[in-house]
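Written below as structure tokens is the structure these notes are about.
The values are calculated or read from the model by the stated rules, or taken from the named source; none is laboratory data. What you see is a predicted model; the values in this text were computed from it and never measured. A quick note on method: Cβ atoms are made from the backbone with ideal geometry, for glycine too, and the neighbour counts reach across all protein chains shown. Please note that ligands, DNA and RNA were not included when accessible areas were found on the heavy atoms of the full protein model with its side chains. Shrake-Rupley method; radii C 1.70, N 1.55, O 1.52, S 1.80 Å.
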Amino acid sequence: MPPARSAGLLLFRRSPQLEVLLGHMGGPYFTAKDDGAWSIPKGEYGPDEEPLAAARREFAEELGAVPPAGPRYEPLGTIRQRNGKQVTAWAVEADLDVTDVHSNTFELEWPPRSGRRQSFPEIDRAAWFDVDTARRKMTSGQDALLDRLLELLETDQRR
């Protein structure tokens, strides 16, 4: 069976310093976790869906906001997370008011083996982080996207 594939957007802003937008994973398993429990807004897509379209869709679903218009989406390529999931991402420079984030939900039997199903948000909050803090907050493997963003910005600066 091929590994799961996800697509997402890495929003960044430059004022007053470079910051990236991350969402804290929702649900009972992540409630008390902080470091390693944040992610770019992303989600799985099927073989018939174009990855950038999936990334834009997932952004809207997970943050409850229209994906930014750009000025442009810069491909960051694909990384492999520790769990084997492949994540394809794009960087886009934009700002977002994180006080108005509201995510779609998922259902889970909670507590386990209780027979009760509860709804939880996929992303329970979002925040802007400087790059060093984002590395600590991000789920394992996604920090490679930060390296690619920094390379992209450095290349743009040299032009």
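Quick one: which strands (runs of 3 or more DSSP E) sit completely within segment 86-159 and have at least 1 residues that are among the small types (Gly, Ala, Ser) and under 19 Å from Pro71 (Cβ atoms)?
Details: elements: 86-93, 105-109, 117-121, 123-130.
Strands (runs of 3 or more DSSP E) meeting the threshold: 86-93.
Are any residues in segment 132-159 open to solvent by 70 Å² or more (accessible area, probe 1.4 Å) and free of Cβ contacts under 8 Å to residues at least 40 places away in the same chain, and if so, which ones?
Those that are open to solvent by 70 Å² or more (accessible area, probe 1.4 Å) and free of Cβ contacts under 8 Å to residues at least 40 places away in the same chain: Asp132, Arg135, Glu151, Glu154, Gln157, Arg158, Arg159.
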Here the residues within segment 71-116 that are more than 17 Å from Thr139 (Cα to Cα) and basic (Lys, Arg) are Arg72, Arg113, Arg116
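Could you tell me whether Leu52 is modelled with pLDDT of 95 or more and more than 13 Å from the chain's Cα centre (by Cα)?
Here the answer is yes, as Leu52 does meet what is asked.
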Of all residues in segment 58-78 being more than 23 Å from Thr99 (Cβ to Cβ) and among the charged types (D, E, K, R), which is modelled with the lowest pLDDT?
Arg72
Please list, ordered by first then second residue, the pairs with beta carbon atoms under 6 Å, 6 or more apart or interchain, first in segment 92-112 and more than 24 Å from Glu74 (Cα to Cα), second assigned to a helix (DSSP H, G or I) and open to solvent by 40 Å² or more (accessible area, probe 1.4 Å).
Asn104/Glu61
Matching entry among Leu10, Leu21 (being buried (at least 19 other Cβ atoms within 10 Å of the Cβ), over 22 Å from Gln118 (Cα atoms), in contact with a helix residue (DSSP H, G or I) (Cβ under 7 Å, 6 or more places away or on another chain) and modelled with pLDDT of 95 or more):
Leu10
Under 6 Å between Cβ atoms, at least 6 apart or on separate chains: pull out the pairs that start in segment 49-78 with a residue that is surrounded by 15 or more Cβ atoms within 10 Å (Cβ to Cβ) and end on any residue that is of a type in the set (Asp, Glu).
Glu62/Glu122
Look through segment 80-124, keep the residues that are under 16 Å from the mean Cα position of the chain (by Cα), of a type in the set (D, E, K, R) and loosely packed, with under 15 Cβ neighbours inside 10 Å, and return whichever of them is nearest to Pro47 (Cα to Cα).
Arg80
